[in-house]
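For reference, the structure is listed below as structure tokens.
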Amino acid sequence: MFDYTSPGFSLVLRNDPYTRERLDSLGLNERQIAAVNHLKRRGSISNQEY
């Protein structure tokens, strides 16, 4: 998130909770992990894309 306010700005960097290691620890299969990564990139996924 980037916020500009006079006389400066603030930048907030958040950790990605959906790292490969975290997804593996949840027991997700490769297809599910690919779906999560697709969601991270595009923001949505259809049944056909999944």
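Yes/no per residue for (1) touching a strand residue (DSSP E or B) at 6+ places or on another chain (Cβ under 7 Å); (2) exposed (fewer than 10 other Cβ atoms within 10 Å of the Cβ); (3) modelled with pLDDT of 90 or more; (4) not basic (Lys, Arg):
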position	(1), (2), (3), (4)
ASP3	yes, yes, no, yes
ASN15	no, yes, no, yes
GLU21	no, yes, yes, yes
ASP24	no, no, yes, yes
LEU28	no, no, yes, yes
VAL36	no, no, yes, yes
SER46	no, yes, yes, yes
**Message:** List the residue pairs whose Cβ atoms are under 7 Å apart, where the first residue sits in segment 1-18 and is assigned to a loop (DSSP other than H, G, I, E, B), the second is at pLDDT 70 or above, and the two are 6 or more positions apart or on different chains.
**Reply:** MET1/VAL12; TYR18/VAL36; TYR18/LYS40
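The values are calculated or read from the model by the stated rules, or taken from the named source; none is laboratory data. In this text, all values refer to a predicted model and were calculated from it rather than measured experimentally. Reconstructed Cβ throughout: ideal geometry from the backbone, glycine too, with neighbour counts over all protein chains shown.
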